[in-house]
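Contents: one structure, followed by commentary.
The values are calculated or read from the model by the stated rules, or taken from the named source; none is laboratory data. Bear in mind the structure is a predicted one, so any value in this text is a computation, not a measurement. Quick reminder, even Gly has a Cβ in these numbers, built from the backbone with ideal geometry, and neighbours come from all protein chains shown. With ligands, DNA and RNA removed, areas are computed over all heavy atoms of the protein, side chains included. Shrake-Rupley method; radii C 1.70, N 1.55, O 1.52, S 1.80 Å.
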Amino acid sequence: RLRTRFFGAGGAPVDVEVATSPCRFNDREAAVIVARDIGPQLRHERELKELALLDELTGLHNRRGFLTFAELELRRLRQLGRDAVLLFADLDGLKGINDAHGHAAGDEALRTLADALREVVGEQGLAARWSGDEFAALVPEPATLPDAPPATDAVVAEQFEWRLRAAIARRATSRGRFAVTATVGATQLPFDGGQTLA
């Protein structure tokens with residue numbers, strides 16, 4: 001059995017699984033070839049793979065997806081000589097939101113934080129829902145002015161927390177029922193520092 005692609009009469013590709021079996025036909029050696037359309041199966045396999053790497057509620061990567069892609073991204077940034085920042089954001093008071101307003105409100109708060117984090121991280125970064133109310137992101141180190149003193153992890157975390165707060169405010173849909181806030185921590189990963197994500 002092998003998987004390959006055939007092309008239909010109209011030129012459209014068809015993913016197939018081909019199986020062959022030897023036989024005799026009119027006293028000559030021959031083979032029976034069976035090709036089965038596996039397009040729906042491949043789509044299902046892709047969906048399962050995506051689900052294994054994505055958080056269903058937020059659409060961000062889950063922990064497995066983050067660790068898979070973040071290691072590759074960190075390696076790529078180091079090859080380019082670029083520093084990176086590893087961020088963690090913790091949604092404040094999720095249990096209180098769930099208790100006072102219900103789990104649908106808690107889900108709304110998680111999605112709001114996820115969307116805000118996606119905006120702050122941008123196209124160049126990688127964001128994930130790490131677990132429960134915790135999120136992680138890996139971003140290239142933002143450029144600094146040549147004569148600026150090196151930023152500490154606390155300063156970098158504060159800058160990202162401020163940007164995240166502004167992005168959350170643009171998305172506030174709770175109509176004043178509850179506030180969505182997050183606490184951010186950051187650690188810088190210099191390209192020549194040898195630090196791992198772990």
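Just the residues that are surrounded by 13 or more Cβ atoms within 10 Å (Cβ to Cβ), modelled with pLDDT under 90 and of a type outside the set (A, V, I, L, M), please, taken from segment 164-180. Once the filter is applied, which keeps residues that are surrounded by 13 or more Cβ atoms within 10 Å (Cβ to Cβ), modelled with pLDDT under 90 and of a type outside the set (A, V, I, L, M), segment 164-180 yields ARG171, SER174, PHE178. For first residues located in segment 110-123 and closer than 13 Å to TRP162 by Cβ and of a type outside the set (S, T, N, Q), partners that are assigned to a helix (DSSP H, G or I) and open to solvent by 20 Å² or more (accessible area, probe 1.4 Å) and lie 6+ apart or on another chain with Cβ distances below 6 Å form the pairs ALA116/ARG171; VAL120/ARG163.
Got at least one residue in segment 27-41 being exposed (fewer than 10 other Cβ atoms within 10 Å of the Cβ), of a type in the set (Asp, Glu) and at pLDDT 90 or above? Yes, segment 27-41 has at least one match.
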